[in-house]
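Working notes for the structure below.
The values are calculated or read from the model by the stated rules, or taken from the named source; none is laboratory data. Note that the structure is predicted; figures quoted are calculated from it, not measured. Glycine also receives a Cβ, built like all others from the backbone with ideal geometry; neighbour counts cover every protein chain displayed. These area figures cover heavy atoms from the full protein model, side chains too; ligands, DNA and RNA do not enter into them. Shrake-Rupley method; radii C 1.70, N 1.55, O 1.52, S 1.80 Å.
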Amino acid sequence: MPTTLTTDRPRATTLFRPATTVLGHQERQVLSAIGCGLRDDEIAAELGVPEDTVSEHLARILVKLGLRDRAAAIVHAFDCGLAVPGRGPRIRSAGPASLTVAARAPGPAPKVRISLLGPVRAWRDGRLLDLGHLRQQAVLAALSLGTGRSLSQQQLLDDVWGMEPPVTNVVPVYVYRLRKALHDGAGPRTVIERGLRGYQLVPGAVDVDVTHLRELATGIGKAARAGEPLEAVRLCAQALKLFHGEPLAGLPGPLAELERLRLTERRIAIVRRKVEWQLRLGQDDEVIDELFALTAAHPVDEPLAAMLMRALYRDGRQAEALTVFERARRRLADDLGVSPSRMLRRAHQMILRGDEAGLGPTPPVGAGTGL
């Protein structure tokens, strides 16, 4: 009795034409079953052929498609649409045995939420997902940072491994595992797709916090140019709430290292701008604790130290403002071997003279955000 095979997606695509034109009908069935996770004996039982025949089919599949091993065949089955993440074979309960992947009408899949502004995490419908080890998380982070564009395997290797690439090509394996981790098992859609140029996140299927950060930074700039300091402060506060520790915490690879630095600098820039507007609005007492925490984390950042000195002085805490200067001066000397900049020295002198106006006004509210 012939075996029927139904897939959630078309079997043939222009990208993976070899999977449908090079392979015979039964070879495609075997590849689909392998992608679904069946063993050779299970495939043999479903197709009604000897187990040796399944082994021979697999050997021919590997040669025809230039695949290394069974794991590579599983990945290829997913990439060419012969299997769908999270969807195993469904065996009909009545009638002759048949290998069936039940078809479903495509529908909107629940969005996955990915956070990079801290340890890399992902949720589906509020449920925290297991993203695997750090190197695998770094692959997901690279795809998330590249939202809207495809990344080739070579680009992912460069971003995640740099000058120490793995001995084997593990990118497809990691992508396969991430697809399974991010998929809800209830529909044909996958969060990661492969296009002509490489892998990318499916548009509209994922919410990434870094994307929201970019949108808020644009809104902050518009509020600044429109002379709306309260709105700018509100948007800055929203942006800062997206951070949950060090961005991409613990992730290996040159891309993570670069983005960690860039995103940390962006956070500091947003804090600076927020504090500048709050000082202009007379909200000195609301920014002092935030500035204390930030200067402790970045002790040689002179603009932050100067803002804290100004806020303390305006709050009637001149002695503490001078202590901030002395602490910054010592750290600059010890860590960098330099003296305080003219800006910090000027703020120090103005506080000693009691000349608040000379401390230097914050930039005009309509100035660019510098984000």
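Table for the structure above
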item	result
Any chance Arg260 is of a type in the set (Lys, Arg) and closer than 22 Å to Gly221 by Cα	no
Ala223 vs. criteria part of a helix (DSSP H, G or I), in contact with an Asp or Glu (Cβ under 9 Å, 6 or more places away or on another chain) and open to solvent by less than 30 Å² (accessible area, probe 1.4 Å)	yes
Within region 308-343, tally of residues that are open to solvent by less than 40 Å² (accessible area, probe 1.4 Å) and either of a type in the set (Phe, Trp, Tyr) or in contact with a Lys or Arg (Cβ under 7 Å, 6 or more places away or on another chain) (or both)	2
Single match in Ala45, Ala142, Ala138, Ala71 (criterion: modelled with pLDDT of 75 or more, out of contact with any Pro (no Cβ under 8 Å at 6 or more places or on another chain) and not in a loop (DSSP other than H, G, I, E, B))	Ala142
Region 231-263, residues that are open to solvent by 50 Å² or more (accessible area, probe 1.4 Å) and of a type in the set (D, E, K, R)	Glu231, Arg234, Lys241, Glu246, Glu257, Arg262
Of all residues making up region 30-48, the number that are more than 27 Å from Tyr174 (Cβ to Cβ), crowded, with 17+ Cβ neighbours inside 10 Å and of a type outside the set (Asp, Glu)	2
Residue match in region 157-166 (condition: touching a residue at least 40 places away in the same chain (Cβ under 8 Å), crowded, with 20+ Cβ neighbours inside 10 Å and closer than 25 Å to Arg260 by Cα)	yes
Set Leu279, Leu263: member being within 25 Å of Leu134 (Cβ to Cβ) and assigned to a helix (DSSP H, G or I)	Leu263
